[in-house]
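Here's the structure, in structure tokens; my notes come after.
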Amino acid sequence: MENKITIIGGGNLGSSIAEGLIANGFIKPHQITVTKRNVQSIQHLADKGALITSDNVAAIKEAHYIILAVKPFQIKDILTEIIPALDFKQHAIISVATGVWIKDMEAILGSNFSLLRAMPNTAIAIGQSMTCICANAQAVNQVEFVSSLFNQLGKSIVIDEKLMDAAAVLGACGTAYALRYIRANIQGGIEIGFSAAQASLIAAQTVKGAADLLLTKNTHPEQEIDKVTTPMGCTIAGLNEMEHQGFSSSLIRGLTASYKKIKSDM
Ligand SMILES: NC(=O)c1ccc[n+]([C@@H]2O[C@H](COP(=O)([O-])OP(=O)(O)OC[C@H]3O[C@@H](n4cnc5c(N)ncnc54)[C@H](OP(=O)(O)O)[C@@H]3O)[C@@H](O)[C@H]2O)c1
């Protein structure tokens, strides 16, 4: 049987998921339906063969997996709207909304449904997301499919739900932290002689290469750093100066500040 997927909320994330799944052939276009109140902006998905509609209830009739990609404050209204058409034997529901817990969805739907949460990041638009997934006990048979779905759009891991806020910080806010680090490198690169375009290319590709070293070789960062730091050399002089200025400490403090903020907003 062909799995059918309905994405409710064809915004940045929802349409990136649809585009990625169609582009890499994980799903045939006719197996995917995307909803949005104003469907004009997702006409490109219809042009690729996906179904688009503003009727959420009709959109889930044949679906097996329903991805909720609306803003967190809209989840309750959407679930209430689609309840009459939901069947726990047919539908598994995956929310990508930050801060909406499985218990919040169960409070509306009851405890029979297979419910999952996924926390991707914006690199999902180019198939390079890191996506953290958690699920309730009823979703035990759906976790594998949902993991393989997000593996088409980058990498995924299954975690305990209690780590989902931490996943939002490290995995989703992490994109912004990395970009700010790259921006600082560009600024420094210009000061030592490169044009903005040259510095941008060198900084971004160097960071990409460094990350790929860890992912490919499964090494610890310090092992790779040891290969660059010649005794009395320029790399260790720069690194140590960065640490004297609080480099690692400021990153850790920024990360924990984001975490405290996410917790206090709940
Ligand atoms: N962006 C990220 O990096 C990221 C990462 C992890 C998680 N998230 C989560 O992903 C969710 C979506 O984020 P986003 O950046 O994609 O937001 P977005 O671009 O605003 O997309 C939300 C979409 O939902 C549609 N929508 C609103 N009400 C609807 C309804 N009743 N029925 C159908 N569609 C409806 C909106 O289109 P219309 O107004 O035309 O209906 C809009 O395009 C959020 O909950 C966010 O917390 C985002």
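Computed over the stretch 58-120, the alpha-carbon pair-distance distribution with 5 angstrom bins reads 4, 18, 34, 29, 13, 2, each value a whole percent. The C-alpha radius of gyration of the chain, expressed as a fraction of 2.2 N^0.38 Å, stands at 1.16. Sequence-ordered 3J(HN,Hα) estimates for the stretch 20-26 from the Karplus curve with 6.51, -1.76 and 1.60 and θ = phi - 60° stand at x, 5, 6, 4, 9, x, 4 Hz, glycine and proline given as x. Note: relative contact order over the chain, using C-alpha pairs below 8 Å and six or more positions apart, is 13 percent. Taken along its three principal axes, the alpha carbon spread of the stretch 192-266 comes to 45, 31, 30 Å, from the longest extent down to the shortest. Shape class for the stretch 66-182: prolate, because the ratio a/c of the largest to smallest gyration tensor axis (alpha-carbon atoms, square roots of eigenvalues) is 1.5 or more and a/b beats b/c. Counting only residues at least eight positions apart within a chain, or on another chain, the lysines with an alpha carbon under 22 Å from that of Lys36 are Lys4, Lys28, Lys48, Lys61, Lys71, Lys76. Along the stretch 200-216 the Karplus relation, 6.51 cos²θ - 1.76 cosθ + 1.60 evaluated at θ = phi - 60°, assigns HN-Hα couplings of 5, 5, 4, 5, 5, 5, 5, 5, 4, x, 5, 5, 5, 4, 5, 5, 7 Hz to successive residues, with x for each Gly and Pro.
Computed over protein heavy atoms with a 1.4 Å probe, the accessible surface of the chain works out to 57 Å² per residue.
Over all directions, the projected convex hull of the C-alpha atoms in the stretch 1-97 averages 5.7 nm² in area. Using the Cα atoms of the stretch 142-183 to build a convex hull, what is its mean projected area in square nanometres? One quarter of the hull surface, i.e. the mean projection, equals 3.4 nm². Taking every Cα-Cα distance in the stretch 141-246 and sorting them into 10 Å bins starting at zero, the pair-distance distribution P(r) comes out as 12, 30, 35, 17, 6, 1 percent. With every protein chain in place and a 1.4 angstrom probe, the accessible-area ranking of Arg180, Arg117, largest first, reads Arg180, Arg117. When only alpha carbons are used to place a centre, the stretch 129-171 and the stretch 12-78 end up 19 Å from one another.
Name the residue, out of Gln40, Gln245, Gln90, whose mean-square fluctuation peaks in a Gaussian network model built on the chain with Cα pairs under 10 Å. Per the Cα network of the chain with a 10 Å cutoff, Gln245 tops the list.
Write down the Kirkwood hydrodynamic radius of the stretch 127-199, to one decimal in angstroms, obtained as one divided by the mean of 1/r over all alpha carbon pairs. By the Kirkwood definition, the hydrodynamic radius is 14.6 Å.
Atom-type composition of the exposed protein surface of the chain places 58 percent of the accessible area on carbon and sulfur (1.4 angstrom probe).
Kindly state, to the nearest 0.05, the FRET efficiency for Lys48 paired with Phe145, given R0 = 30 Å and r defined as their beta-carbon distance. The pair Lys48/Phe145 has a calculated efficiency of 0.85.
Glu62 contributes about 120 Å² of solvent-accessible surface, heavy atoms of the protein only, 1.4 Å probe. Computed from label points 7 Å out along Cα-Cβ, the spacing between Met232 and Thr80 is 7.3 nm.
Residue separation of Thr219 and Ser249 scaled by 0.36 nm, minus their Cα-Cα distance, works out to 8.6 nm of gained length.
If R0 equals 25 Å, the separation of the Cβ atoms of Ala107 and Val39 corresponds to a calculated FRET efficiency of about 0.25.
The values are calculated or read from the model by the stated rules, or taken from the named source; none is laboratory data. As the structure is a prediction and not an experimental result, all values here were calculated from the model. Ideal geometry is used to build each Cβ from the backbone, glycine not excepted, and the neighbour counts take in all protein chains shown. Keep in mind that these areas ignore ligands, DNA and RNA; they rest on the heavy atoms of the full protein, side chains included. Shrake-Rupley method; radii C 1.70, N 1.55, O 1.52, S 1.80 Å.
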